[in-house]
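K.L.:
Encoded as structure tokens, here's the structure I'll be asking about.
The values are calculated or read from the model by the stated rules, or taken from the named source; none is laboratory data. These numbers were taken from a predicted model, which means no experiment stands behind them. So basically every Cβ, Gly included, is an ideal-geometry build from the backbone, and we count neighbours across all protein chains shown. Remember, those area values only see protein heavy atoms, side chains included, never the ligands or the DNA or RNA. Shrake-Rupley method; radii C 1.70, N 1.55, O 1.52, S 1.80 Å.
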Amino acid sequence: MSQKPGTHAPEMPIEVNDDTGVWTTDALPMLYVPRHFFINNHMGIEEELGAEVYAQVLYKAGYKSAYYWCEKEAECHGISGVDVFEHYMKRLSQRGWGIFTTQAIDLEAGTCTVRLDHSAFVLQMGQVNRKVDYMFTGWFAGAMDQVAQSLGYKVKTQAVQTQCAAEEGVEFGLFEVTPL
């Protein structure tokens, strides 16, 4: 099967179990769903709970999930330190959430800046003049904490989105990770 111009096949290994139909990438089972399906469900929950409450729920769940993901991927690939965090940014980008770029990172200090271009939320929702990428914030703190703790650092972090491409006049999302 040939690719459309300007596209390429997935850059991560995807295996499908013949008996169960479960998709796996590296060491973890995955789900493959249309973007509109996921975002419509996301927005439905936000409408019921309110963005602030929903963001808090997602932060905790995302933190836990990112921590676990980084732990398992580090084991699977035999990587550590900043390489684990960068692998996480690469996999998030490869899975269609957006293009994540680490602009600065200091694991021992617990600081990091992540840029987000082509956010799946912004692409689906458009210019709504508010921050819509709050699902990702817990991911960055969870990843930072797992990597830092694996290196013996005692730092614990928090993450916030400082700008979003869904806001008027903003071209990309930006997240800041700082120590608690």
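K.L.:
Across region 80-108, what is the number of residues that are farther than 20 Å from THR178 by Cβ, β-branched (Val, Ile, Thr) and open to solvent by less than 50 Å² (accessible area, probe 1.4 Å)?
P.N.:
Residues in region 80-108 being farther than 20 Å from THR178 by Cβ, β-branched (Val, Ile, Thr) and open to solvent by less than 50 Å² (accessible area, probe 1.4 Å): 0 in total.
K.L.:
Taking only pairs six or more apart or across chains, which ones have beta-carbon atoms under 6 Å, a first residue in region 50-77 that is within 14 Å of MET135 (Cβ to Cβ), and a second residue that is hydroxyl-bearing (Ser, Thr, Tyr) and part of a helix (DSSP H, G or I)?
P.N.:
So the pair list comes out as ALA55/TYR134; TYR59/THR137.
K.L.:
Does any residue of region 142-165 turn out to be closer than 29 Å to PRO10 by Cβ and within 11 Å of the chain's Cα centre (by Cα)?
P.N.:
yes
K.L.:
Of everything in region 1-34, what is of a type in the set (D, E, K, R) and open to solvent by less than 90 Å² (accessible area, probe 1.4 Å)? Give them in sequence order.
P.N.:
Step one: filter region 1-34 for residues of a type in the set (D, E, K, R), giving 4, 11, 15, 18-19, 26.
Across region 1-34, the qualifying residue is only ASP26.
K.L.:
Using beta carbons and a limit of 6 Å, which pairs, at least six apart or on different chains, have the first residue in region 87-99 and touching a residue at least 40 places away in the same chain (Cβ under 8 Å) and the second one open to solvent by 50 Å² or more (accessible area, probe 1.4 Å)?
P.N.:
Sorted first by the residue in region 87-99, then by its partner, the pairs are GLN94/GLU11; GLY98/HIS118.
K.L.:
I'm told PHE136 meets every condition in (1) more than 28 Å from HIS8 (Cα to Cα); (2) buried (at least 16 other Cβ atoms within 10 Å of the Cβ) except one. Can you identify the failing condition by its number?
P.N.:
Result: PHE136 passes all but (1).
K.L.:
Let me ask you something else. In region 163-180, what residues are open to solvent by 40 Å² or more (accessible area, probe 1.4 Å) and either in a strand (DSSP E or B) or closer than 19 Å to ALA66 by Cβ (or both)? Steps first, answer last, please.
P.N.:
We begin by selecting, within region 163-180, every residue open to solvent by 40 Å² or more (accessible area, probe 1.4 Å); these are 163, 168-169, 171-172, 176, 178-180.
Once the filter is applied, which keeps residues that are open to solvent by 40 Å² or more (accessible area, probe 1.4 Å) and either in a strand (DSSP E or B) or closer than 19 Å to ALA66 by Cβ (or both), region 163-180 yields GLN163, GLU176, THR178, PRO179, LEU180.
K.L.:
Go through region 62-79 and give me each residue that's open to solvent by less than 50 Å² (accessible area, probe 1.4 Å) and small (Gly, Ala, Ser).
P.N.:
GLY62, ALA66, ALA74, listed by residue number.
K.L.:
Same structure, new question: Checking ASP106 against (1) of a type in the set (D, E, K, R); (2) under 28 Å from PRO34 (Cβ atoms); (3) without any contact (Cβ under 8 Å) to a residue 12 or more places away in the chain, which test does it fail?
P.N.:
(2)
K.L.:
Please find, among VAL132, VAL160, VAL155, the residue that is part of a loop (DSSP other than H, G, I, E, B), under 16 Å from TYR63 (Cβ atoms) and touching a residue at least 12 places away in the same chain (Cβ under 8 Å).
P.N.:
VAL155
K.L.:
Return yes when GLY44 is over 17 Å from GLN124 (Cβ atoms), open to solvent by less than 70 Å² (accessible area, probe 1.4 Å) and not β-branched (Val, Ile, Thr) and no when it is not. Working first, answer last.
P.N.:
Numbers: over 17 Å from GLN124 (Cβ atoms): no; open to solvent by less than 70 Å² (accessible area, probe 1.4 Å): yes; not β-branched (Val, Ile, Thr): yes.
Considered against the rule, which asks whether it is over 17 Å from GLN124 (Cβ atoms), open to solvent by less than 70 Å² (accessible area, probe 1.4 Å) and not β-branched (Val, Ile, Thr), GLY44 comes out as no.
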